[in-house]
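S.K.: The structure that follows is given in the form of structure tokens.
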Amino acid sequence: MAVRSAGAGAFAQVGRMATLAWEVLRAMPRRPFQVREGIQQAWFFASVTILPTALVAIPFGAVIAMQLGSLTQQIGAQSFTGAASALAILQQASPLITALLVAGAGGSAVCADIGARTIREEIDAMEVLGVSPIHRLIVPRVVGAMLVSLLLNGMVSVVGVMGGYFFNVILQGGTPGAYLASFNALAQLPDLWISEFKALLYGFVAGVVAAYRGLNPAGGPKGVGDAVNQAVVITFLLLFLINLVLTGIYLQLVPPKGL
């Protein structure tokens with residue numbers, strides 16, 4: 001019975017989270033949009049994630065480039081190192097790095113802020129006054145997370161590819177022309193679109209999960225702290241699951257570019 005009740009509770013949590021996501025989508029086009037709040041939240045997300053994201057992207061790109069460079073040398077396919085490492089960074093590493101840092105740094109702060117407002121009964125007061133907390137508080141934060149995720153994804157892609165180029169060409173003795181030519185031969189525009197779409201969706205998921213846990217803390221300051229930890233863990237699990245699904249769909253729908 002305990003296992004059954006726990007499973008039912010988990011499904012109820014998923015249903016309420018999906019309902020909140022739908023309400024956020026419905027409230028996004030509603031006027032008036034909180035422009036000032038949205039800009040402040042976007043700037044906050046950017047200020048706490050730009051430097052850590054860049055610092056993570058450099059070694060991440062280097063590890064991918066060195067590992068793939070070593071592997072391609074073993075099988076005699078050094079000319080494809082650039083394409084393999086750049087596509088891996090563009091399609092997989094960049095959106096995930098961006099989303100994990102947005103969720104870990106910005107999402108945790110959003111969850112703590114909303115949770116503090118909830119236990120102080122500010123959310124209830126807004127509802128009594130007829131002010132929608134979703135439209136007034138949640139939507140600007142979700143939009144800010146999506147916008148920053150989109151921009152950071154481009155930055156991570158550039159920094160990661162440059163780091164991979166440096167470590168492959170300078171440290172492993174690769175050829176600059178072969179590195180760039182292989183990337184140009186195998187990369188295509190949909191690779192960029194799926195990367196940006198992933199970043200946009202990951203930012204939305206991170207914002208919604210952080211807001212949901214902030215709106216439903218267990219009670220008291222300890223409950224808010226637990227909600228922050230849960231929000232980060234839930235977001236990470238959802239991001240990896242969504243990445244698996246999107247990658248599978250993309251590989252089935254978009255044919256690879258041949259030489």
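The values are calculated or read from the model by the stated rules, or taken from the named source; none is laboratory data. Note that the structure is predicted; figures quoted are calculated from it, not measured. When we count neighbours, we look across all protein chains shown, and the Cβ atoms used for this are built from the backbone with ideal geometry, even at glycine. These accessible areas exclude ligands, DNA and RNA; they are computed on the full protein's heavy atoms, side chains included. Shrake-Rupley method; radii C 1.70, N 1.55, O 1.52, S 1.80 Å.
S.K.: Per residue, how much accessible area does the range 114-210 have with a 1.4 Å probe, in Å²?
M.R.: Accessible area per residue: 44 Å².
S.K.: Given 10 Å bins starting at zero, what is the percent of C-alpha pairs of the chain in each, up to the one with the largest pair distance?
M.R.: 7, 27, 30, 19, 12, 5, 1
S.K.: Please give the net charge around residue 126, taking every other residue with its beta carbon less than 9 angstrom from that of residue 126, where Lys and Arg add +1 and Asp and Glu add -1.
M.R.: Summing Lys and Arg as +1 and Asp and Glu as -1 gives -1.
S.K.: Packing-wise, with mean Cβ within 10 Å as the measure, how do 193-200, 129-136 rank, highest first?
M.R.: Answer by packing, highest mean first, reads 193-200, 129-136.
S.K.: Between residue 92 and residue 34, how high is the FRET efficiency from 1/(1 + (r/R0)^6) when r is the Cβ-Cβ distance and R₀ = 30 Å? Nearest 0.05.
M.R.: The computed FRET efficiency comes out at 0.30.
S.K.: Also, I was wondering about something else. Mind checking the dipole of the chain: about its Cα centre, +1 per Lys or Arg Cβ, -1 per Asp or Glu Cβ, Debye to the nearest 20?
M.R.: 260
S.K.: Still on this structure, please answer the following. Round to a whole angstrom and tell me the spacing of the C-alpha centers of the range 24-50 and the range 115-139.
M.R.: 16
S.K.: Quickly rank 108-118, 12-22 as a protection proxy: mean count of other C-beta atoms within 10 Å, highest first.
M.R.: Going from most to least packed, we get 108-118, 12-22.
S.K.: When the helix-only estimate is applied to the chain (DSSP H runs of n ≥ 4, each -39,500 (n - 2.57), divided by the residue count), what is the mean residue ellipticity at 222 nm, nearest 500 deg cm²/dmol?
M.R.: -27000 deg cm²/dmol
S.K.: Arranged from highest to lowest average of other beta-carbon atoms within 10 Å per residue, in what order do the peptides 203-213, 54-64 appear?
M.R.: Output ranking for 203-213, 54-64: 203-213, 54-64.
S.K.: For the chain, which whole-number percentage of the solvent-accessible area (1.4 Å probe, protein heavy atoms only) is attributable to carbon and sulfur atoms?
M.R.: It is 71 percent, rounded to a whole number.
S.K.: Based on the alpha-carbon gyration tensor of the range 147-234 and its eigenvalue square roots a ≥ b ≥ c, which shape applies: rounded if a/c is under 1.5, prolate if not and a/b is larger than b/c, or oblate?
M.R.: prolate
S.K.: Taking 0.36 nm per residue of sequence separation and subtracting the Cα-Cα distance, how much length would be gained by fully extending the chain between residue 253 and residue 47, in nm to one decimal?
M.R.: My answer for the length gained is 70.5 nm.
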